[in-house]
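Remarks on the structure that follows.
Computed from the coordinates by the stated procedures, all read-outs in this text should not be read as laboratory data. Just so you know, these numbers come straight off a predicted model, no measurement behind them. Please note: Cβ atoms are built from the backbone with ideal geometry, for glycine as well, and neighbour counts cover all protein chains shown.
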Amino acid sequence: ARLVVLVSGSGTNLQALLDATADPAYGARVVAVGADRDDIEGLRRAERAGVPTFVVRLGDHADRDAWDTALAEQVAGYEPDLVILAGFMKLTGPVFLRKFGGRTLNTHPALSPSFPGMHGPRDALEYGVKITGATLFVVDEGVDTGPIVAQVAVPVLDDDDVASLHERIKVSERQMLVDWVGRLAREPFTVDGRRIIRQQTKD
Ligand code: GRF
């Protein structure tokens, strides 16, 4: 399967995918990495791996719809089977979702439906939950609301701050992402309401 990965930051989730896809048995390869900004470690990770990159900046477009259309066109040029948002900090728009809806995955560093949005680890810490985690979901038009593919639980420790909690979540988040992208790449799936329908398999 062909993966296009979109990033906005450090790209450790991307790196986990690049490492996993080095094994042909994984069943997927990263054909391009896109970003909404320049000069980020995520793009440098792609370059080091020899993967083509592209940048589609919101500020270079007249409005959000024009940006959304340009992003969808760039991604479409690489003919992905799956699009992975790996720390991509913008909401994809209606044009993008018309093209790639049902096959765009995102991860959120909290257990949905709790703590959606940009600050999942901070909001979980402030609320005082003792278990949080990460959620892999199929992107829809909402913020972290799409049908859930997988979740992993992560404990909140008494001496956590936002950074230490987010780092612990990210260890589990990367593993979940790699495991599930591999499975979904090897076996086509469909989305029915909030359910992910996978072909019958061994794993
Ligand atoms: C991840 O925790 C992701 O879920 C969140 O931002 C982080 C991105 O990390 N939205 P990285 O860029 O993959 O290192």
*asked:* Using only alpha-carbon positions, what ratio does the radius of gyration of the range 16-59 give when scaled by 2.2 N^0.38 Å?
replied: 1.25
*Hey, any idea what the orientation-averaged projected area of the convex hull of the range 119-196's Cα atoms comes to, in nm²?*
5.6
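Using helices alone, I'd like the mean residue ellipticity at 222 nm for the chain: each DSSP H run of four-plus residues gives -39500 (n - 2.57), total over residue count, nearest 500.
-11000 deg cm²/dmol
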*asked:* Show me, for the range 46-61, the HN-Hα J-couplings you get by feeding each phi into the Karplus relation (A = 6.51, B = -1.76, C = 1.60, θ = phi - 60°), rounded to Hz, glycine and proline as x.
replied: 5, 4, 4, 8, x, 9, x, 10, 8, 10, 10, 8, 4, x, 8, 10
*Taking the mean number of other Cβ atoms within 10 Å as a proxy for protection, how do you rank 87-94, 112-119 from highest to lowest?*
87-94, 112-119
*Quick one: Cα centre-to-centre distance for the range 130-203 and the range 58-125, in angstrom?*
15
_Lysine pairs in the chain with Cα distance under 30 Å, only those 8 or more apart or on different chains: how many are there?_
6
*Per-residue ³J(HN,Hα) for the range 150-163, Karplus 6.51 cos²θ - 1.76 cosθ + 1.60, θ = phi - 60°, Hz, x for Gly and Pro*: 7, 9, 9, 8, 9, x, 9, 9, 4, 9, 5, 10, 4, 5
*With the Cα gyration tensor of the chain giving a ≥ b ≥ c as the square roots of its eigenvalues, does the rule (a/c under 1.5 for rounded; else a/b larger than b/c for prolate; else oblate) give rounded, prolate or oblate?*
rounded
*Counting Lys +1, Arg +1, Asp -1, Glu -1, what net charge surrounds V129 among other residues with beta carbon under 14 Å of its beta carbon?*
-1
*Near the amide H of I84, under 5 Å away, which other amide H atoms are found, from residues 5 or more places off or on another chain, if H is placed in the peptide plane?*
V4, V5, L6, L105
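Need one number: the % of Cα-Cα pairs in the range 61-158 sitting beyond the 23 Å mark. Don't skip to the answer; put the middle values down first.
Details: 1492 of 4753 pairs.
That tail contains 31 percent of the Cα-Cα pairs.
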*Residue-wise, which Karplus ³J(HN,Hα) couplings in Hz belong to the range 110-122, taking 6.51 cos²θ - 1.76 cosθ + 1.60, θ = phi - 60°, and x for glycine or proline?*
6, 8, 4, x, 6, 6, x, x, 6, 10, x, x, 5
